Amino acid sequence: MDSAPAEWTLEQARKCWKPMVRAVQHVGVPGYQFQAGVMWDGALLFGPLGFRELKVMQQETAPLGDNRLHLSIAYGAPMRLADRHGTGNPAIRRWLAEGRLPIPHVETTDGDLVWDETVFAHLLGRQCDDGLRPREDDTLVTHAEIRVHNTGRSRRQGQLWLHFGDTSQVELGYKCSQGKELAPAITHRFEVPYGWVDGKVRYVLPPPAKGELRWHAEAGPPKGMAAAAERTIEWSVPLAPGEEATLHLVIPYGLVERAVAEKLRALDGGKLLEEVRRYWRGILNGPGQIITPEPFINDFLAAVAGQMAQQVACRVRTHVWMYKTSPNHYEGYWPCNAAKALPTFDLRGLEAENLPVLKSFVANQTDEVRGMEKGAFGHDQKLAGEGYARIHGFLGNFGEWTANPLLLSHGLGMWALASHYRITRDDRWLGSGPGSPLQAMLDAFDWVTQQRRRTMREVEGRKVPHWGLLPAASAHDWLAGNTIFNDAFCIYGMAEVVRLLREIRHPRAAAMAAELNDYRACLRDRYREARDRARPLPLADGSSIPYVPRMVQELDWTKPDWTYTGYGPLRAGAWGALEPHDELVDQSLAFLEAGMPRGEGPYFGAQNQFPDLADANWGDISDPAAERHYLWRHFVEYETMWPIGGPLFLARDDLPRFFEWLFHNLAVVLHHDWRVGVESLDGVPSCAPGDGERWQTIRRMFVNERGGYDGSEQSLWFFQAIPRSWLRPGYRMAVRDMGTWFGGKADLEARVGDDGDSLSVMAKLRGLRVLPTEVRLRLRSGDGRPLASATVNGGKVPVLEGDTIRLPAKGTATWQVVGRF
């Protein structure tokens, strides 16, 4: 493995990874339930691809007709698809408008000709923000403006080809791919300007101002392919040196009548593009800004709100709002994935995007667990356990939309609801009594309380191994049982509810806090007992270290795999079900860092299946010939959408490990050009909660509500984890109009002195509804020198441990701080 510097930087981390090459971006409108995909080579995708067997999905897609479409774009004569297979061909360059807006560009260089494709989406006849007030007859319109520029000194003949295929040759799964051949063409015919399918219009392609459009019933096969290209449209355009020309393609999400198509033809693409830009600027450049010395990170942090907002979807015919896990692929609902990311909206002042999703959590609360106790995905795998009583309060069942009924969804549903109130302090929203979010949280808490009583039993005079925990249940796609993963996230949600109740002085706060902490104690006791029964991990020197299982009955460390549950004890420590420095967390971290002996435990194998993709990065940690192998690399997990390293190391205030996780995570799990994360490398794009989770973690580097894992009060830390690479002479950082879990807002400005000997900070709090137990500010140097002295508003203050100072806990205050090294 790579040698470690004293403190990692993004530049150093990037050198350790083979970058991803199969970027996918999506364009849509918040509230509208589907999004168009833009592939790494500019191909366009209209789905959904999966979950079409669901009756609820069929209700939603019926008005679209057979809308599935994979539009491939080729250039030249004979036609060539520049990088269909996703190899990182340098002839293709990608970026987002202004580095952050969800308006993707794909630039393809073909000799002297440079083709720039710009893709954006809007609602027909409505404003973008109207998507949050959806109608059943809304039409999402995708535009592809393709501009060609002759950069040479001679005349050139530009040739562009459009192939309208079905979706049989495209995949957005664990690895995104496009097939070796073109897909069979859809049964369309082109009569300028309309593309007709079954008597309706599938696309609109007006005649360009320059060049001509030609229909080809059959054209020769693209270079490197065997089959002919059928039903293609060619744009042939002569270009003088320096000349440009533009083609504008308009695609509604589904098939439309001619009257609608005529409205599409009349659209002013340039005007609409500027309107869409203004809309997204308003979303991305509003409250909750984080500004670092790294432009790429700044753009990513801003872009997250756009990526997320596009996935807020109203299923208008089945009356469910959701924050989708990933467009076109994971179109069923994993409520846990939504809940973990949702506070990002509130912290950024985007409550309008969050409120309808939270409302659906409350509206769908039920007494039915949808087979969760039977096995993974709710399938009947004869899972042994006490089962679940029919008690109202479960937050993880959204009917047929539910992809996998999970206790994780229940716990995080509580957390998201409580977090929304704690950030916004919207008393009217919180309410009371039946149907209110407050009552939903109380019922959800009581649901756990009653269900775990079912396991408080003995067999032959001895407590069962999972005594006081929840009954066995689905944990992820192929694991079910009494997992620490399930209990830890329920505790996490319950702690946030208890803290809310204490803050509003609810009469049940004390009793529910006692219940929470009994549950936390049970979790710790049961997993200490399981650890003592489990097989120790042998080390190379003949000694061994304890193994903390992910499930109380699974006592062999060869059983877990690389999925989310494999890190279960660490997740318990990261999010407070266990204290971050509990011995169980220490021992779990030691196990993962020690690795497993050759030939035992899980290997990835992915680097052998996809050696040309970014999965090659796992080769050195999962080498069958090596003495030991590991479940993560630089704390980056194979499934990147639930990162554990960041929250864990911040909770432990372990800055060296945190920066290693931070920069390696940012180095490889994001497509840097389109600022979008994935589920697994070169796989499912914009996969929730990944980007929202990363944003929250980076926010906590600057503004962090710490502690209170037992539901008690929290402290507030500023600049807890600022890397030294961001603290070089003259560097600046800022946080602007940032929401907090105490209510109110925080603003920070920091500047390093030109000589690097000082750090000046302006910290401001406005309107906190609840005071933190203390306010800490960390003042790090750029070169490793410790903090020698500090002043606050001109007065000297003591320097505390870890280069920190203490500020007065006030709801509204401004501090001018100077630290010297």
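Taking the Cα centre of the stretch 434-582 as reference, the dipole from Cβ charges on Lys and Arg (+1) and Asp and Glu (-1) amounts to some 300 debye. Across the protein chains, with a 1.4 Å probe defining accessible surface, the residues Thr773, Thr640 rank Thr773, Thr640 from largest area downward.
Kindly report, to the nearest 10 Å², the accessible surface of Asp427 as traced by a 1.4 Å probe over protein heavy atoms only. In the full protein context, Asp427 sits at about 80 Å².
Do any of Lys55/Lys324; Lys180/Lys324; Lys764/Lys796; Lys15/Lys175; Lys175/Lys324 go past 25 Å between their Cα atoms, and which? Where the Cα-Cα span goes over 25 Å, the pairs concerned are Lys180/Lys324. Spatial offset of the stretch 656-689 relative to the stretch 292-362 amounts to 17 Å, using the alpha carbon center of each. A compact globular protein would have a Cα radius of gyration near 2.2 N^0.38 Å; the ratio found for the chain is 0.97. As a length-normalised measure over Cα pairs under 8 Å and 6 or more apart, the relative contact order of the stretch 111-220 settles at 17 percent. Reported to the nearest whole Å, the Cα centre-to-centre distance from the stretch 473-507 to the stretch 531-572 is 22.
Within the shell defined by Cβ-Cβ distances under 14 Å, the residues around Asp615 carry a net charge of -3, with Lys and Arg each +1 and Asp and Glu each -1. How many angstrom lie between the Cα centre of the stretch 704-728 and the Cα centre of the stretch 729-807? The stretch 704-728 and the stretch 729-807 have Cα centres separated by 11 Å.
Basic side chains Lys and Arg get +1 at the Cβ, acidic Asp and Glu get -1 at the Cβ, and with that the dipole of the chain about its Cα centre reaches some 1400 debye. Pick out, from Ala227, Phe649, Leu284, the residue whose Cα sits farthest towards the positive end of the charge dipole of the chain, with +1 on the Cβ of Lys and Arg and -1 on the Cβ of Asp and Glu. The listed residue farthest towards the positive side: Leu284.
Only one residue of Leu670, Phe120, Gln58 has its Cα farthest out toward the positive end of the dipole of the chain, where Lys and Arg carry +1 and Asp and Glu -1 on Cβ, and that residue is Phe120.
Distance between the modelled labels on Gln59 and Arg93, one decimal in nanometres: 4.9 nm (7 Å Cα→Cβ projection). Suppose a student asked you for the relative contact order of the stretch 530-619, using Cα pairs under 8 Å spaced at least 6 residues apart; what percent would you report? That works out to 24 percent. Length, then width, then depth: along the principal axes, the Cα atoms of the stretch 489-542 run 55, 17, 14 Å. Solvent exposure of the chain, expressed per residue, is 34 Å² of accessible area, with all protein chains present and a 1.4 angstrom probe. Measuring nothing but how far apart in sequence close Cα pairs (under 8 Å, 6+ apart) lie, relative to its length, the chain scores a relative contact order of 12 percent.
Among 774-781, 38-45, the peptide with the highest mean count of other Cβ atoms within 10 Å heads the list, and the full ranking is 38-45, 774-781.
On the accessible surface of the chain, probed at 1.4 Å, how many percent belong to carbon and sulfur atoms? For the chain, the apolar C and S fraction of the accessible surface comes to 48 percent.
Counting Lys and Arg as +1 and Asp and Glu as -1 over every other residue whose Cβ lies under 15 Å from the Cβ of Trp642, the net charge comes to -3. Think of the stretch 477-568 as having a plus end and a minus end, set by charges on the Cβ of Lys, Arg, Asp and Glu; of Ala509, Tyr527, Thr565, Ala509 sits farthest toward the positive end of this dipole. For the chain, the longest principal axis of the alpha carbon atoms and the long axis of helix 484-503 meet at an angle near 80°. Solvent exposure of Ser686, expressed as accessible area, is near 10 Å², computed with a probe of 1.4 Å over the protein chains only. Computed from the C-beta positions of Arg126 and Ala77 and an R0 of 41 Å, the FRET efficiency is 0.50 to the nearest 0.05.
Extending 7 Å from Cα along the Cβ direction at His379 and again at Asp653 yields two label points whose distance is 4.7 nm. Full extension of the chain segment joining Glu583 with Asp166 gains 144.7 nm, where the gain is 0.36 nm per residue of separation less the Cα-Cα distance. Dipole magnitude for the stretch 143-281: computed about the Cα centre from +1 point charges on Lys and Arg Cβ and -1 point charges on Asp and Glu Cβ, it is near 400 debye. Can you give the FRET efficiency to the nearest 0.05 for Lys263 and Arg732, using r as the Cβ-Cβ distance and R₀ = 60 Å? According to the calculation, E is roughly 0.80. Heavy-atom accessible area, probed at 1.4 angstrom with all protein chains present, ranks Lys15, Lys200 as Lys15, Lys200, highest first.
Taking 0.36 nm per residue of sequence separation and removing the Cα-Cα distance, the Ser544/Arg277 pair yields an extension gain of 90.3 nm. Restricting to bridges with both residues inside the chain, how much of the DSSP beta-bridge set is antiparallel, in percent to the nearest 5? Within the chain, antiparallel bridges account for around 95 percent of the total. Think of it as helices only: each DSSP H run of n ≥ 4 in the chain is worth -39500 (n - 2.57), and spread over all residues that comes to -8000 deg cm²/dmol at 222 nm.
Given R₀ = 56 Å, what would the calculated FRET efficiency be for Thr558 paired with Thr187, taking r from the Cβ atoms and rounding to 0.05? After rounding to 0.05, the efficiency reads 0.60.
The values are calculated or read from the model by the stated rules, or taken from the named source; none is laboratory data. These numbers come from a predicted model, not from an experiment. All Cβ positions, glycine included, derive from the backbone under ideal geometry; neighbour counts span all protein chains shown. Note: areas computed on protein heavy atoms with side chains; ligands, DNA, RNA excluded. Shrake-Rupley method; radii C 1.70, N 1.55, O 1.52, S 1.80 Å.
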